[in-house]
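The values are calculated or read from the model by the stated rules, or taken from the named source; none is laboratory data. Small disclaimer: the values here were computed from a predicted structure and weren't measured. We place every Cβ from the backbone using ideal geometry, glycine too, and count neighbours over all the protein chains shown.
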Amino acid sequence: ALDVWRGAKDVAADVRSKIDAVLVRADPDEFRRKVRASNLEALIALADADDVRKRSPVGLVLLAERLGTLGDAERAVEVARTAMSLAPTIVFGACELGRWSPRQPEPSWDGAIEGFMAVLALRPDAPAAWARLAEARTKTGDAEGGRRVAAEWTRRAALPR
């Protein structure tokens, strides 16, 4: 959660540095520390390393997020897929797949659909996943599918909790 907050665009530099200080103390994982401290070139090297499948799925999700944020959506998708193959129930791997698939040099709205469908299988009440799934369906030319997804989310949101 702190990594997500840290990566938000509107976080002030002083707040980001405080979050970094907490992460250094709270997270002893050396791989995740490397990911947080790396530039794009170093992240690419981590993603392309022979031992990438031996990394924790949580570390790989962080690597995917950082790669995408720093401009390599294609590698972000590859790493997110690796994380999902190692731990299919970690929802953030599916989020990163859905997030970065349409931002690759050759956008893949089908990859976004795959990612957000996986998110919804794990967390059916995730509003952003419903919205992005509706968008992805529409972008693939399935406007009716997009409307059905939006209608289903509207129906679910109206149910008493």
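What to note about this one:
- Asp125 meets each of the listed conditions (1) of a type outside the set (S, T, N, Q); (2) modelled with pLDDT under 95; (3) part of a helix (DSSP H, G or I) apart from (3).
- Index of the failed condition, Val149 passing every other in (1) touching a Leu at 6+ places or on another chain (Cβ under 6 Å); (2) of a type in the set (Val, Ile, Thr); (3) within 29 Å of Ile44 (Cβ to Cβ): (3)
- For Ala134, the conditions (1) small (Gly, Ala, Ser); (2) under 17 Å from the mean Cα position of the chain (by Cα); (3) farther than 27 Å from Ala47 by Cα all hold with the exception of (2).
- Some residue of the range 110-120 being modelled with pLDDT of 95 or more and in a loop (DSSP other than H, G, I, E, B): no
- Test result for Val119, farther than 25 Å from Ala143 by Cβ and free of Cβ contacts under 8 Å to residues at least 60 places away in the same chain: no
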